[in-house]
Structures are given as structure tokens and as C-alpha cells.
Amino acid sequence: MSDRLKKYAELLVKTGINLKKDQILVLRTPIECSEFARAIVEVAFDSGAKDVAVLWSDEVVSKIRYLKGADDLFDTMPSWQKEFYLSYVRQDAAFLSISASDPENLKDVDPVRIQKFSRVFSSEVAEYRKRMMNNENVECVASVPTPAWAKKVFPESDEKEAMYKLWDAIYEAVRVNEADPVAAWESHKQSLKRRMAKLNALNLASLHYTNGLGTDLHIELPEGHIWLGGSDLTPDGHEFIANMPTEEVFTAPKRDGVNGRVVSAMPLNFNGSLIDRFELTFEKGKVVSYKAEVGFEQLKRLLETDEGSMYLGEVALVQYDSPISNMGILFYNTLFDENASCHLALGKAYPVCFKGGETMDSQTLLANGINDSITHEDFMVGTEDLSIVGITQSGEHIQIFKDGNFVF
């Protein structure tokens, strides 16, 4: 095991998850990442884990299943899978997920099949999803390279070189290359929290986005919204970092308060297919028209997931002049690309982004302007020339972003 790989595994377990003694860790990982998965298991047990449950995935098998399975195969979820998620989430398990897929693995699959199973999965494990969105359980999403993904990111390189380049980019993005990654992350968390505190103090009523791509979007924010970023806390005070890397501060928009046009700034890897050069037009919060030069059917299926998928559930601010953006790499992986660009999310809002939201049911949240859906899909809108003007509750206009970056 290389020194950097071990440092990365330790960073995810000890800082990302912040694993408690005698806590169960659930690790979800592609089979291609087996070497790293074993490193995680070893570090977790050395850190006092009660057990480590590994849920392996194989995207090639998934593709074969989608292409060759009977239609009704995607109408149900195997009972053992449902029990896996629900039993562990009820035991206060921590969940670490490795996001490392081929961005175009499922491009030949009928998106209807993927959508059907996505709905089934979300419905069957609704309790698990609710607990995660409310920060009741600890979770962390991270990445390691796979050959297919690396070749997509670095097509001019052979497989070995592409893997090396992607490893190096990931280590840089998650601060493993720092002399003391843990100290680097502590400093980074505090920097994000300072911005978060400034935004919360402004008591904003809305945001106005404009850029040269044609984005001209007004986003109202509900009274009682909360900006978050850096790290999260469970109700009992267990600190964790949900995404590594993370460069964002984020909140929930008002469900029916979004109006105007937004144009994508990067491709979106959605369910194994790319959606690129797309735009959405909103009226009273809802998408009323849309188009895409690449992946129109996938975008259509995303928007038709349910009623809530036609509305926004997240507003996230990321500097254009930020570590991941400055790498100049298109990762084709939302975990990284969303941390190189301001982004929005279609679908469910995080209840914790609204005062007292974690104790409210979905209907109460909706009544307060907080969107609900079985999906939550981020897409990137930040550009080098992005301007964001905030309007306070008293009507004052304050420049939040200029030329793609925070003004404070």
C-alpha cells in the first residue's frame, strides 16, 4: 500500500466519517476499487469499528442487466437490498460511498428502465434517504480512479498513465498532497464556515444570477433558510464531511420562487449517460421548457422523475478561482465538477437548510417552500464571468459574486 493511498484511506475514515469506536461502517464501492476498499476496511478496524459491511457493485453487470433483463425486473427491489440499507441505518451505521463510474457506461440503455428502478429504490429505502438528508446518520462520498473513468478524463493517455494522472488529481483535490492533510482540512472547513456565517448574516431574500452563456435567473430564498458548508453535524453532535472534496456553501431555494433561464456550464453525468449544453427555463419555480444538445432524453427523464424534480432543491456557491477549478480538468463526475463550479440541484432540498426543517414532515416543509422529491441531481452553472447579486429582506442589493468569485 502506497503512503498516499494509506493517508487517503485514513483521511476518509478519521476526518470524512470521523468514525466512532464500536460504530459500524458501511462501504459501498465498485469492484474495480477493491485495493482501496481493503485499505478502508483495515483503517476502519484499526480505528475501532465494530464491523465493516462492504456492498460491492459492478457497473458492467448493471449494464448487462439493464440491456437484457425483462421489463418487470425493474419494478421491484430485492428484499435483501432493502433490508441491507434499513437495518444498518437503524444501527447508526456510518456510510462511505466510492463514486467512480464510467460516465458513459449506460448511454445505450433505455432511460425508462433506469428511471423505473430509481423510483423503486427511492421509495423502498425512503427511511434511509430521509435520515441521510436530515444528517441523522454519518455519510461521506469520495472517489478513486477506475480505468474507464480515467480514460474518459484523459483520453490522450494510455490506461496506466491515465490512472496515474487521475490518482494525482484526486489526491490534490482532497488535500492528501499536503504535509498534514488533517490540518489542511481543518483550515479549509473554517474558511468555508466564515463564508457561511457572512451569508447567513445577510438575511437574503433572493439571488440574481447572470453570465455570458445566457443565464439570467432569479432565485428567491425562503425566510428561515440556512447556509451550510464544510462539515455537518448529526443531532448528537457527531461531525462529518459529506463530500470529499468539498468547496461549496449551500442552502435551499424557495420552491415556487425561481424565475428565468439557466444555462449549463459543464456536462452532467446522470445515470451513466452525459447531458451536455442544456438549459432550463423556470416560471414560479417550475421548469416550463428545456433543451439539450446532448442527452435530451436523459434530461427529460430526470425532469419527469416526479413533480418535485421539476423544481430546484439546492443553491450552492463555489468560487471559479478554486483548487479543483484551477486544475482545468473536466472530471465527468459530479462530486468533483460541482466543486469546481457554482451549481444548482433539481429535486429534494435538504431539510437542514431550513430552520427546524429536520423535525418537519414533507408536507410542512412544502408549506414553507422547501421542495420534496425522490431525486436530488446537481448540475453546474458557474462560469468565469458569473455575477450573483443578493437582495436582502430590506431590499438592499449586495454583490455576492463578481467575475466568478466571491467578493468577500
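The values are calculated or read from the model by the stated rules, or taken from the named source; none is laboratory data. Since we're looking at a predicted model, the values are computed, not measured. Virtual Cβ from ideal backbone geometry, glycine too; neighbours counted across all protein chains shown.
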Response to the item:
Restricting the stretch 250-266 to residues that are surrounded by fewer than 23 Cβ atoms within 10 Å (Cβ to Cβ) and closer than 17 Å to Gln298 by Cα, the one farthest from the chain's Cα centre (by Cα) turns out to be Val263
Discussion item. Any residue at all in the stretch 91-99 that's surrounded by 20 or more Cβ atoms within 10 Å (Cβ to Cβ), among the hydroxyl-bearing types (Ser, Thr, Tyr) and within 22 Å of the chain's Cα centre (by Cα)?
Written reply: no
Discussion item. For the stretch 333-348, check the following and say yes or no: at least one residue is among the β-branched types (Val, Ile, Thr) and either assigned to a loop (DSSP other than H, G, I, E, B) or surrounded by fewer than 20 Cβ atoms within 10 Å (Cβ to Cβ) (or both).
Written reply: no
Fill in: Residue ID - surrounded by the fewest Cβ atoms within 10 Å (Cβ to Cβ), chosen from residues in the stretch 267-278 that are polar (S, T, N, Q) and within 16 Å of the chain's Cα centre (by Cα)
Asn271
Discussion item. Return the pair list, or none, for Cβ contacts closer than 7 Å from residues in the stretch 284-301 that are within 19 Å of Asn371 (Cβ to Cβ) to residues that are assigned to a helix (DSSP H, G or I) and at pLDDT 95 or above, at least 6 apart or on different chains.
Written reply: Lys286/Met310; Val287/Leu303; Val287/Met310; Tyr290/Leu299; Tyr290/Leu303
Worksheet, complete the sentence: Checked the stretch 76-86 for anything closer than 17 Å to Arg131 by Cα and surrounded by 14 or more Cβ atoms within 10 Å (Cβ to Cβ); matches are Lys82, Phe84, Tyr85, Leu86
Item to complete: Scan the stretch 1-33 for residues that are free of Cβ contacts under 8 Å to residues at least 12 places away in the same chain and not charged (D, E, K, R) and jot them down.
Response: Ser2
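Considering only the stretch 362-388, state which residues are closer than 26 Å to Leu335 by Cα, of a type in the set (Val, Ile, Thr) and either out of contact with any Asp or Glu (no Cβ under 9 Å at 6 or more places or on another chain) or exposed (fewer than 13 other Cβ atoms within 10 Å of the Cβ) (or both). Write out each step before concluding.
We begin by selecting, within the stretch 362-388, every residue closer than 26 Å to Leu335 by Cα; these are 370-388.
Next cut, of a type in the set (Val, Ile, Thr) only: 370, 374-375, 381, 383, 388.
Listed by number, the residues that qualify are Ile370, Val381, Thr383, Ile388.
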Worksheet item: From the list Gly308, Gly295, which residue is modelled with pLDDT of 95 or more, more than 16 Å from the chain's Cα centre (by Cα), buried (at least 21 other Cβ atoms within 10 Å of the Cβ) and at positive phi?
Response: Gly295
Discussion item. Anything in the stretch 224-250 that is part of a loop (DSSP other than H, G, I, E, B), under 22 Å from Ala94 (Cβ atoms) and in contact (Cβ under 8 Å) with a residue 40 or more places away in the chain? List them, or say none.
Written reply: Gly230, Ser231, Thr234, Pro235, His238, Ile241, Ala242, Met244, Pro245, Thr246, Glu248
Fill in: Number of the exception - Ala345 against (1) within 20 Å of Tyr209 (Cα to Cα); (2) touching a residue at least 40 places away in the same chain (Cβ under 8 Å)
(2)
Discussion item. Pairs please, first residue from the stretch 376-389 and in a strand (DSSP E or B), second anywhere and acidic (Asp, Glu), Cβ atoms under 8 Å, 6+ apart in sequence or on different chains.
Written reply: His376/Glu314; Asp378/Glu314; Asp378/Glu338; Met380/Asp337; Met380/Glu338; Ser387/Asp403
Item to complete: With respect to Tyr164, determine if the residue is in a helix (DSSP H, G or I), at pLDDT 95 or above and more than 23 Å from the chain's Cα centre (by Cα).
Response: yes
Worksheet item: Residues in the stretch 290-311: is at least one of a type outside the set (Gly, Ala, Ser) and within 26 Å of Met196 (Cα to Cα)?
Response: yes
Worksheet, complete the sentence: If we take the stretch 1-69, then helices (runs of 4 or more DSSP H) inside it with 3 or more residues that are over 24 Å from the mean Cα position of the chain (by Cα), over 22 Å from Glu178 (Cβ atoms) and not β-branched (Val, Ile, Thr) are 34-46, 59-68
